[in-house]
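Here the structure is laid out as structure tokens; the discussion comes afterwards.
Derivation of every value follows stated rules applied to the coordinates shown; laboratory data play no part. Just so it is clear, the model here is predicted, and its values are computed rather than measured. Here Cβ is always computed from backbone atoms with ideal geometry, including for glycine, and neighbour counts include all displayed protein chains.
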Amino acid sequence: MARYSLYWTREADADLDYLGQRFGRPVRATIKRDAQRLLGDQPLPAIGQGKALDENPLGVAYRLRLGQYRVYSDVHEDVHEVEIERVGYKPGETLYLRGQPTPMRD
């Protein structure tokens, strides 16, 4: 099986910068490393942390759960690419994107 390339949008990079400032630089590195490890080989969820999403305010197709963090992405199977759209923090029932509560059911 071919590996998928991960591309981080400007929004996702800004989300990571915010999380790194808020929770420490290691958080940023851990999210990037774990996303690459988990999405690089199997970006479409089967069982586990990944999930296909219904229509949502972010307009993304998939969510990857990394503890209290969420990575939202779209998968382009034809070219083996994963586009990371947003990265958020979800300590409970509320998703936060750059510190702002975002209504999203996942």
From the set of residues in region 1-20 that are surrounded by fewer than 15 Cβ atoms within 10 Å (Cβ to Cβ) and of a type in the set (Asp, Glu), which is farthest from the chain's Cα centre (by Cα)?
17
Wholly inside region 37-106, strands (runs of 3 or more DSSP E) that include 2 or more residues that are of a type in the set (D, E, K, R) are 62-66, 69-76, 81-89
Residues located in region 40-94, provided they are out of contact with any strand residue (DSSP E or B) (no Cβ under 8 Å at 6 or more places or on another chain) and crowded, with 20+ Cβ neighbours inside 10 Å
none
Which residue out of 33, 28 is exposed (fewer than 13 other Cβ atoms within 10 Å of the Cβ) and either free of Cβ contacts under 8 Å to residues at least 12 places away in the same chain or under 22 Å from residue 94 (Cβ atoms) (or both)?
33
